[in-house]
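Just below is one structure, and these are the notes that go with it.
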Amino acid sequence: ETAPALAFRAFVPGMAADTSAQPDPASLVVATHLGQHLEGGLVITGEVVNGSSAAITAVKVSVSHASGGAVTMRETESLVKVIEPGSTGPFRVYIAGITDTLGTVTAAVTSVEAASMPAPSATFAISGPHPFQIGPPDPKTGVIPYSTTVEELRGTVTNTSDTRYGEMGVVVAAYDGLGRVVMVTAASELSVPFQQAGQAAVLLAGNSASFVAAIPIGLLLTFEGEVTIKGFLNAAAVP
């Protein structure tokens, strides 16, 4: 069973003063909505919620797992590089050797930095899961070989800003019916329209790129309630 997350009041330069006796509630940055599932070992997932009034980056999180008197701790960070006020950034840690989800997990933000650039502006469309093709169709039978261990989510990300994006990466998170983050994965390399072989991908303003994210087969069916899938874009503005 998941325990409530620990709140952490993060003072970021330009956002709040360290000497304040009563910290501004808007400076609250929290690691919350924790979930856990098994993938060989224990995977703990959650998200950072930026309740401050400025964009933040380099958000580090301490995750603890307690079971039978033993406590295991892991350090991780938000997989979303820049988190705008009111937005979120998922995180994920793996602990080998644990074979059940009966322990108690907690997480707390340990440090943040003020972001010098805004987060990318983008929208997502994600479908699936779909069978994961692992090879070409059999030339005689036409049968398509699919993986028996993984399946895929297919998506598109649209650049809704007025700038060009490069150095792109997509993070995909799944939320269960209770709003917990129950899966976090990274997508494959983005496919951009008119991209030339050997050149770095650049997504023009208003254009869309496609991607695929592999996940363990049947995993989404194990979570409670209706599962919601959300995408996050990491990218840098390029000339």
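The values are calculated or read from the model by the stated rules, or taken from the named source; none is laboratory data. Everything numeric here is computed off the predicted structure, so don't read it as measured data. Using ideal geometry, Cβ is built from the backbone for each residue, glycine included, and neighbour counts are taken over all protein chains shown. Note: accessible area is taken over every heavy atom of the protein model, side chains too, but ligands, DNA and RNA are not part of it. Shrake-Rupley method; radii C 1.70, N 1.55, O 1.52, S 1.80 Å.
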Residue within the stretch 23-46 that is in contact (Cβ under 8 Å) with a residue 40 or more places away in the chain and under 21 Å from residue 121 (Cβ atoms) present: no
Conditions (1) open to solvent by 30 Å² or more (accessible area, probe 1.4 Å); (2) under 17 Å from the mean Cα position of the chain (by Cα); (3) at pLDDT below 95: number failed by residue 108: (1)
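Please enumerate the residues belonging to the stretch 32-48 that are aliphatic (A, V, I, L, M), open to solvent by less than 10 Å² (accessible area, probe 1.4 Å) and closer than 17 Å to residue 224 by Cβ. Before you say what the answer is, go through the steps one by one.
Of the stretch 32-48, the ones aliphatic (A, V, I, L, M) are 34, 38, 42-44, 48.
Going one step further and asking which of them are open to solvent by less than 10 Å² (accessible area, probe 1.4 Å), we end up with 34, 42-44, 48.
Within the stretch 32-48, 34, 43, 44 qualify.
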Residues located in the stretch 62-95, provided they are over 11 Å from the mean Cα position of the chain (by Cα), more than 18 Å from residue 118 (Cα to Cα) and open to solvent by less than 70 Å² (accessible area, probe 1.4 Å): 62, 63, 64, 65, 66, 67, 70, 72, 76, 93, 95
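Have a look at 186, 173, 125 and point out the one that is touching a residue at least 24 places away in the same chain (Cβ under 8 Å) and touching a Ser or Thr at 6+ places or on another chain (Cβ under 7 Å).
Values: 186 fails: touching a Ser or Thr at 6+ places or on another chain (Cβ under 7 Å); 173 fails: touching a Ser or Thr at 6+ places or on another chain (Cβ under 7 Å).
Answer to the selection: 125.
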Candidate set from the stretch 217-238 (those that are open to solvent by less than 40 Å² (accessible area, probe 1.4 Å) and assigned to a strand (DSSP E or B)); member that is nearest to residue 176 (Cα to Cα): 231
Residue count for the stretch 116-158, restricted to those that are open to solvent by 30 Å² or more (accessible area, probe 1.4 Å), over 19 Å from the mean Cα position of the chain (by Cα) and more than 19 Å from residue 227 (Cα to Cα): 18
Boolean, residue 113 is charged (D, E, K, R) and open to solvent by less than 50 Å² (accessible area, probe 1.4 Å): no
All positions within the stretch 184-215 that are at pLDDT 90 or above, assigned to a strand (DSSP E or B) and either open to solvent by 40 Å² or more (accessible area, probe 1.4 Å) or at positive phi (or both): 186, 208, 210, 212, 214
